[in-house]
Every structure is written in structure tokens, then in C-alpha cells.
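A.B. asks: Submitted below is the structure of interest, expressed as C-alpha cells.
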Amino acid sequence: MKKYLLFMAVVGSSYGQRFDSKVREDFFAGFAGDNARLERGMKTCEQALAANPKDPSALVWHGGGLYYQSGIAYRNGDIATGAKLRRQGTQEMNDAVALAPDSLQTRVPRGAILLASSRFVDDATARPLLETSVADYEKAMDLEKDFRPNASVHARGELIGGLADGYRRLGNTEKSRELLQRLVRELPGSPYEKQATRWLADLAAVGKQERFCLGCHVATASR
């Protein structure tokens, strides 16, 4: 069994907060092990989807919940249920992005989940997850440029750092370095500058399990 980390902190940033403001704290608590909060978050999504089956924000969060639950099933040895939940969760997240491809509220959750889970599978399985995650983060970077000056340090650090991490894992160290250097320039004096400086000192030594995310909502499940 392998553990994977599930994090979605950038969604809780200063970026456009609509449906996610109703559910994110329940999901963060649920991913940290509070099953009652996770159930409440899932129920809120299901109520929204009953009213509008094509609500992209509700769909991506619900898909993320299913993806998390698949890890629980795998951990408990229920491979069939784990595989079913993983497929359904992935499909819901993909459908959400297809419905709202130009939304931070779909791109960031899917990208964050796939980046996190990619650490705990073999390289062949991880690569397509990383490619999708990087594409989502690149799109999010483009979408947030219009209101970047008003974004919090946390929001900017998590997004740029996550993208640098994704490129690093894909073997594109040049692009990863470029993004880490950007953090050093744009967020001086922040924990993100410190983390970026540490990684830049010896990027090749950063391990597969190490993540750039700082102070984000993290949960563990087994696979």
C-alpha cells in the first residue's frame, strides 16, 4: 500500500470564491480525516448537482471527494471499489474542467489533486497525471494574471511553487528553475522565497516525495 498526499490549498486563496466557499473547509477537514465533515461537503455538492448536474464547481469538488475516498478503499484492500471510485472521481473532475475550462475553480482543484497523487505511483503512471496537472496550473497562471497584484502571497506562492514542482517531476528542470527564480524575485522575505532558494541550491537532490506546498491542507490515504 502506498500513501499519497491530497492538497487543494490554492482553492482557498483570494481567487474568486463562489461555490468553493461553501464546501472547501468541509473538504479540507474531511481530507484531514474528519469523515463527518467530508460527508457534509459531499452532500452539499450532491444537492447542488441535483439542481444543476452541470455545475462545474460542485462537480470538481465532488470528484475530488470520490478520488480521496478511492484511496481509503484501496487502503482497506477493496481494490474493485477503489478502482471504481478513482475512475468516477477522475471523470467528474475532467467533466468539470470541460464545462468550465477557463475557471480557476475547476483547474486548480484537479491540478492539485493529480500533482499530489502522482508522487505515490510509478513513473509511467505518474507522467500523464503530471502532464494534466501542469497544464491546469499553466492555465490557472494565465487566468489569474489580470488580478495578480491583489492575490495573496499564499495564493501566488502555492500556484507558482506547485507548477515548479510539476515541471521538476516531469524532468524539465530549466522551467522549474525559472519558476523558482520568479518566486525569489516576486515574494521576497516570504516562506516561498526561502523554499525556492533551498530548492535552487540543489534541485537534483529534491526527492520525489517532497512537495513545494507550504502550510496547505494535507491529508493522507493509502493506495
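A.B. asks: If you wrap a convex hull around the alpha carbons of the chain, what volume per residue comes out, as a whole number of Å³?
C.D. replies: Taking the convex hull of the Cα positions in the chain, it is 109 Å³ per residue.
A.B. asks: At a 1.4 Å probe, what is the % contribution of carbon and sulfur to the accessible area of the chain?
C.D. replies: Numbers: 4900 of 9910 Å².
Here it works out to 49 percent.
A.B. asks: Now for a different question. VAL206: accessible area at probe 1.4 Å, nearest 10 Å²?
C.D. replies: So the heavy atoms of VAL206 present about 20 Å² to solvent.
A.B. asks: Give the accessible area for SER21 in Å² (nearest 10); use a 1.4 Å probe, count only protein heavy atoms, and leave out ligands, DNA and RNA.
C.D. replies: Looks like 60 Å² after rounding.
A.B. asks: Taking LYS54 as the anchor, which aspartates and glutamates have their alpha carbon closer than 14 Å to its alpha carbon, excluding any fewer than eight residues away along the same chain?
C.D. replies: Leaving aside aspartates and glutamates fewer than 8 places away in the same chain, those within reach of LYS54 are GLU46, GLU92, ASP95.
A.B. asks: For region 70-223, what is the relative contact order in percent, using Cα pairs closer than 8 Å and at least 6 residues apart in sequence?
C.D. replies: On the way: 156 pairs, mean separation 33.2, N = 154.
The value is 22 percent.
A.B. asks: If the chain between ASP34 and VAL153 were fully stretched, how many nm would it gain, using 0.36 nm times the residue separation less the Cα-Cα distance?
C.D. replies: 40.0 nm
A.B. asks: Please find the FRET efficiency linking ALA83 to GLU138, where r is the Cβ-Cβ separation and R0 is fixed at 35 Å, and quote it to the nearest 0.05.
C.D. replies: For R0 = 35 Å, the calculated efficiency reads 0.75.
A.B. asks: Continuing with this model, one more query. Can you put LYS175, LYS22 in order of accessible area, largest first, using a 1.4 Å probe?
C.D. replies: These residues rank, largest area first, as LYS22, LYS175.
A.B. asks: Keeping all protein chains in the complex and leaving out DNA, RNA and ligands, what accessible area do you get for SER152 with a 1.4 Å probe, in Å² to the nearest 10?
C.D. replies: Using a 1.4 Å probe on the heavy atoms, I get roughly 40 Å².
A.B. asks: Relative contact order, percent, of region 88-148 when contacts are C-alpha pairs under 8 Å separated by at least 6 residues?
C.D. replies: 35
A.B. asks: What does the C-alpha gyration tensor say about the overall shape of region 104-198? Classify as rounded when a/c is under 1.5, otherwise prolate if a/b is larger than b/c, or oblate.
C.D. replies: oblate
A.B. asks: Which whole-number value in Å² is the accessible area per residue of the chain, probe 1.4 Å?
C.D. replies: Averaged over the residues of the chain, the accessible area is 44 Å².
A.B. asks: How much length is gained if the chain between LYS208 and THR173 is pulled fully straight, taking 0.36 nm per residue apart and subtracting their Cα-Cα distance, in nm to one decimal? Can you show the working numbers first?
C.D. replies: Working: separation 35, 0.36 × 35 = 12.60 nm, distance 1.36 nm.
Answer, rounded to one decimal: 11.2 nm.
The values are calculated or read from the model by the stated rules, or taken from the named source; none is laboratory data. What you are looking at is a predicted structure, and each value in this text was computed from that prediction instead of being measured. Reconstructed Cβ throughout: ideal geometry from the backbone, glycine too, with neighbour counts over all protein chains shown. These area figures cover heavy atoms from the full protein model, side chains too; ligands, DNA and RNA do not enter into them. Shrake-Rupley method; radii C 1.70, N 1.55, O 1.52, S 1.80 Å.
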